[in-house]
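Okay, so here's the structure we're looking at.
The values are calculated or read from the model by the stated rules, or taken from the named source; none is laboratory data. Values in this document were obtained by computation on a predicted structure and should not be read as measured data. Counting neighbours? That spans all protein chains shown, and the Cβs are built from the backbone with ideal geometry, glycine included.
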Amino acid sequence: MATDYYGVLGVARGASDSDIKRAYRRLARDLHPDVNPDPRAKERFQEVTRAYEALTDPEKRRIVDLGGDPFDTGPAAGGGFGTAGFGGLGDIMDAFFGGAASRGPRSRVRAGRDALIPIELELDETVFGTTKDITVDTAVICSTCTGAGTAPGTHPTTCTTCSGRGEVQSVQRGFLGQVMSSRVCPTCAGTGQVIPEPCPECAGDGRVRSRRTLQVKVPAGVEDGMRIRLTGQGEVGPGGGPAGDLYVEIHERPHDVFTRDGEDLHCRVTLPMTSAALGTTLTLKTLDGEEDLDIRPGTQSGSVLTLRAHGAPRLRGTGRGNLVVHVEVSTPTRLDAEQEKLLRELAALRGEDTPESHREAQGGLFSRVRDAFNGR
């Protein structure tokens, strides 16, 4: 006996194609193996899939209406269908609805990209801030067509390939019937319009390359590697779309005297042995001008002195960093006879001219090192 394919789908014999499709969609949602792991549901899914194929093909449905079975093998052949050809429930829905939902034509006008340009600054320019003129070469809106991309006096026309939809559809026949798929129109690139007479200046792009000069205000306290954002000064988008942003990246040139660590500046001064021992006053050239630096008597090599508020401004705060001065004491390597005589007299006066004094000095040094390791 021939299978009642109408009964399998639960529709009347005079059901329309949309009724059959609706009934199969409802059953497939409940019975598909991706949704229902019950083995009996799998068998039932094979049956309704077979019925759907029989009733959506005009020739096969005619055989069913005449009381025959278009598959010529009876119900036992149901195992030959299974779920082959379905990657998942979404594939079944795609077969009904033609794949992805129609997006419609997309605009020719798109936002532009951001641009990046580096500038080199001196240390005092990053510390105190400055204003710089920079030259950039970016895409700007075409002055001839003002972004439209069309020659003067002309306008875009509707794409005849996709009739303005921005996509074209193709239909293929399968065992589920007609399967429709959509893709971007190759003629208009999805915009739904074509430009029969492009602008001679920009060739239809709506933008041209141009070199221009911009003024950049560099705030006080910027550091190497930081970026300043100039909104809307980047690349104009296709079709005259809104421009992206321009980022100006700061590159700080090395300084002859100062090095920078955040908002602090560091420098190194070398003192004669006598100045370190007796004390002195140094005139130090800072970024703010000359400053007097007091060296106390007995200053040792490696000492650190600080001039407060002589560093860089805090970019996201108040006040300034410090100028940190690292002191090195220079020991003379060449002495004339008179200098050597005076140093020996000084050593004798301080009791530092005998081997015992050397051993005592070493003992004191090593005892301090030992105590440091012992945690005393």
Tally of residues being touching a strand residue (DSSP E or B) at 6+ places or on another chain (Cβ under 8 Å) and surrounded by 14 or more Cβ atoms within 10 Å (Cβ to Cβ) across region 191-222 = 20
query = Taking region 168-194 only, how many residues are part of a strand (DSSP E or B) and modelled with pLDDT under 90?
reply = 15
remark   = When region 266-320 is checked residue by residue, the ones that are small (Gly, Ala, Ser) and either closer than 16 Å to residue 124 by Cβ or in contact with a strand residue (DSSP E or B) (Cβ under 9 Å, 6 or more places away or on another chain) (or both) are 275, 276, 277, 279, 289, 301, 302, 303, 309, 311, 312, 319
remark   = Within region 292-337, the residues that are polar (S, T, N, Q) and part of a loop (DSSP other than H, G, I, E, B) are 299, 300, 301, 303, 318, 322, 331, 333
message = Tell me whether region 233-245 contains one or more residues that are farther than 17 Å from residue 128 by Cα, assigned to a strand (DSSP E or B) and at pLDDT 95 or above.
response = no
request  = Only residues that are farther than 30 Å from residue 287 by Cβ and not in a strand (DSSP E or B): list them for region 195-230, please.
outcome  = 195, 196, 197, 199, 200, 201, 202, 203, 204, 205, 206
message = I need the full set of residues from region 4-51 which are in contact with a Gly (Cβ under 7 Å, 6 or more places away or on another chain) and within 19 Å of residue 71 (Cα to Cα), in order please.
response = 46, 47, 50
ask   = Can you tell me how many residues in region 317-356 are free of Cβ contacts under 8 Å to residues at least 12 places away in the same chain and of a type in the set (Ser, Thr, Tyr)?
value = 3
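Return yes or no: is residue 204 in the same structural domain as residue 136 (by TED's automatic domain parsing), on the phi > 0 side of the Ramachandran plot and either modelled with pLDDT under 90 or out of contact with any helix residue (DSSP H, G or I) (no Cβ under 8 Å at 6 or more places or on another chain) (or both)?
Working: in the same structural domain as residue 136 (by TED's automatic domain parsing): yes; on the phi > 0 side of the Ramachandran plot: yes; either modelled with pLDDT under 90 or out of contact with any helix residue (DSSP H, G or I) (no Cβ under 8 Å at 6 or more places or on another chain) (or both): yes.
Yes: the conditions hold for residue 204.
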message = Condition (residue is surrounded by fewer than 13 Cβ atoms within 10 Å (Cβ to Cβ), modelled with pLDDT of 50 or more and more than 23 Å from residue 16 (Cα to Cα)) applied to region 91-113: is it met by at least one residue?
response = yes
ask   = Inside region 303-356, can you point out the residues that are surrounded by fewer than 16 Cβ atoms within 10 Å (Cβ to Cβ) and touching a His at 6+ places or on another chain (Cβ under 7 Å)?
value = 304, 326
request  = Could you figure out which of (1) in contact with a Leu (Cβ under 6 Å, 6 or more places away or on another chain); (2) not in a strand (DSSP E or B) isn't true of residue 277?
outcome  = (1)
Residues satisfying the stated conditions in region 120-143, i.e. among the β-branched types (Val, Ile, Thr) and either modelled with pLDDT under 95 or assigned to a strand (DSSP E or B) (or both) = 130, 131, 134, 135, 136, 138, 140, 141
message = Can you find a residue that is at pLDDT 85 or above and aliphatic (A, V, I, L, M) anywhere in region 36-46?
response = no
query = When region 139-172 is examined, which residues are found to be within 27 Å of residue 116 (Cα to Cα) and of a type in the set (A, V, I, L, M)?
reply = 139, 140, 141, 148
